[in-house]
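Working notes, structure below.
The values are calculated or read from the model by the stated rules, or taken from the named source; none is laboratory data. In this text, all values refer to a predicted model and were calculated from it rather than measured experimentally. Neighbour counts run over all protein chains shown; Cβ positions are idealised from the backbone, glycine included.
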Amino acid sequence: MSPKGHLVIMARVPRLGTGKRRLARELGMLAAWRFQRRMLARVLRRLARDPRWTTWVAVTPAAAAHGAAHWAAPARVIAQGAGGLGPKMARLLCERPPGPVVIVGSDIPDLHAGHVARAFEALGRHDWVFGPAADGGYWLVGARRRCAPWRPFDAVRWSSPHALADSLANLKRARVALLEELHDVDTGADFDKFSKKL
């Protein structure tokens with residue numbers, strides 16, 4: 001029997017004045033904070049209780065991990081740890097128990113359990129899976145084996161139209177699956193586009 005998959009939701013603990021900085025510059029800190037809280041609650045409601053995988057919420061700042069357990073239940077809460085996005089994701093992939101690992105963010109309005117299920121299904125036939133974002137990045141990354149020999153997060157130009165292409169270039173010999181394209185919310189224009197869904 002194959003090991004159960006692990007879903008990791010990366011999240012900044014919602015605090016006024018921290019996180020979603022680009023959104024806050026355009027909409028104000030209060031609106032950005034409200035969005036962050038609402039989206040995190042929605043993602044947890046949609047994904048955390050699904051019995052098909054074990055859910056982990058990887059939070060930042062690290063000191064908030066202990067206090068996050070009450071609102072993240074039944075997910076297991078862990079700290080993202082130090083470093084930039086690439087080292088954090090590499091560590092989250094490698095440090096989970098045996099089984100495939102899928103990582104998502106907490107700012108994708110259309111994300112639902114079906115997307116995660118398709119990612120785990122793809123990992124039955126592929127080494128890696130990505131969910132492309134409309135801005136050139138990705139809303140999901142997953143690995144069949146936790147610490148594969150590839151290093152997809154090296155020299156990635158994060159927050160640019162090249163993030164997905166850079167990661168794929170690092171995985172030239174791997175079997176990679178791509179899911180459907182989704183949008184995350186980083187700017188006021190993104191917020192306006194999805195405001196009816198939020």
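Sort out which residues of region 145-172 are assigned to a loop (DSSP other than H, G, I, E, B), of a type in the set (A, V, I, L, M, F, W, C) and surrounded by 15 or more Cβ atoms within 10 Å (Cβ to Cβ), and write them in order of number.
Across region 145-172, the qualifying residues are A148, W150, F153, V156, L171.
Go through region 79-103 and give me each residue that's within 11 Å of T55 (Cα to Cα) and either of a type in the set (S, T, N, Q) or modelled with pLDDT of 95 or more (or both).
Answer for region 79-103, where residues must be within 11 Å of T55 (Cα to Cα) and either of a type in the set (S, T, N, Q) or modelled with pLDDT of 95 or more (or both): V101, V102, I103.
Taking the options G131, G99, G114, G105, name whichever one is loosely packed, with under 15 Cβ neighbours inside 10 Å and under 23 Å from V57 (Cα atoms).
G114
In this structure, is T60 modelled with pLDDT under 95 and hydroxyl-bearing (S, T, Y)?
yes
Could you list all residues from region 34-49 that are of a type in the set (D, E, K, R) and either under 17 Å from L140 (Cα atoms) or not in a helix (DSSP H, G or I) (or both)?
Once the filter is applied, which keeps residues that are of a type in the set (D, E, K, R) and either under 17 Å from L140 (Cα atoms) or not in a helix (DSSP H, G or I) (or both), region 34-49 yields R42, R46, R49.
Strands (runs of 3 or more DSSP E) wholly in region 60-144 with at least 1 residues that are among the charged types (D, E, K, R) - which ones?
Once the strands (runs of 3 or more DSSP E) in region 60-144 are filtered for at least 1 residues that are among the charged types (D, E, K, R), what remains is 76-79.
What do you reckon, is A73 touching a strand residue (DSSP E or B) at 6+ places or on another chain (Cβ under 6 Å), more than 26 Å from D190 (Cβ to Cβ) and surrounded by fewer than 18 Cβ atoms within 10 Å (Cβ to Cβ)?
So A73 does not fit the description; no.
Within the set of pairs 6 or more residues apart or between chains, which connect a residue that is more than 22 Å from P100 (Cα to Cα) inside region 147-161 to a residue that is part of a loop (DSSP other than H, G, I, E, B) with Cβ atoms less than 7 Å apart?
S160/G136; P161/D135; P161/G136
For region 1-33, what are the residues that are surrounded by fewer than 16 Cβ atoms within 10 Å (Cβ to Cβ) and part of a loop (DSSP other than H, G, I, E, B)?
If the condition is that a residue be surrounded by fewer than 16 Cβ atoms within 10 Å (Cβ to Cβ) and part of a loop (DSSP other than H, G, I, E, B), then M1, S2, P3, K4, R15, L16, G17, G28 are the ones that fit.
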